[in-house]
Amino acid sequence: DTLEVRCKQLYPRDLLVAEVPTKKGGKRPVAFLRRSLRFDKANNCSVVVIDFVYVMRSHRGLGLGRMLLEEGMVSGKKPKPCALIVAGSENNTVAVKLYESLGFSWEDDLRVEMKAPFSAVEDLIARRAAAETSS
């Protein structure tokens with residue numbers, strides 16, 4: 001599987017695409033993540049919003065959603081955000097567990113968005129560096 005970042009600028013939004021090779025030598029997209037940059041007036045800082053993550057049914061359970069989310073959290077030339085937000089639904093327990101494992105928690109009682117502080121990105125970068133060192 002390969003991951004293609006269509007636009008690394010993250011202004012105002014970009015799309016990350018996971019692709020698999022086809023039998024004819026091409027590539028077929030099987031998972032997508034769209035993120036956007038939003039300004040939080042209350043905290044006077046930028047917030048990265050994960051607008052959606054989608055993985056085709058045939059490719060679920062392979063770690064593509066995690067890969068896209070992690071890449072969406074760390075890649076791109078952007079101002080250092082104060083937080084990351086992902087739209088969530090408590091009914092989608094698989095997604096909620098994934099988001100929680102990456103440092104997201106429910107923002108309010110409405111349970112519409114989950115939020116992670118920028119320290120979640122720093123923790124992810126540190127884990128990736130440690131994994132590269134040990135391998």
Study note, to complete from the structure: Inverse of <1/r> over all distinct C-alpha pairs of region 50-97, i.e. the Kirkwood Rh in Å, gives 12.2 Å
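Considering every Cα-Cα pair within the chain, what fraction, in whole percent, is farther apart than 23 Å?
Pairs farther apart than 23 Å: 35 percent.
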Check your understanding: HN-Hα J couplings of region 26-36 from phi, Karplus 6.51/-1.76/1.60, θ = phi - 60°, integer Hz, Gly and Pro as x?
Key -> x, 10, 10, x, 10, 8, 9, 9, 10, 10, 9
**Study point:** Neighbour-limited loop hits for GluC sites (Glu not before Pro), region 58-115 (at most 12 other Cβ within 10 Å; DSSP other than H, G, I, E, B)
**Key:** GLU90
Review point. Using unit Cβ charges (K, R positive; D, E negative) and no other charged atoms, how large, in debye to the nearest 20, is the dipole of region 59-112 about its Cα centre?
Key: 320 debye
Exercise for review: Just need the relative contact order of the chain here, percent rounded to a whole number, with Cα pairs under 8 Å and 6+ apart.
Suggested key: 17 percent
Exercise for review: Pick out which of LYS27, LYS41, LYS97 has the largest mean-square fluctuation in a Gaussian network model of the chain, springs linking Cα atoms closer than 10 Å.
Suggested key: LYS41
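Values quoted throughout were computed directly from the atomic coordinates according to the rules given, and no laboratory measurement underlies them. Being a predicted model, the structure only gives us computed values, none of them experimental. Glycine gets a Cβ as well: all are built from the backbone with ideal geometry, and neighbour counts include every protein chain shown.
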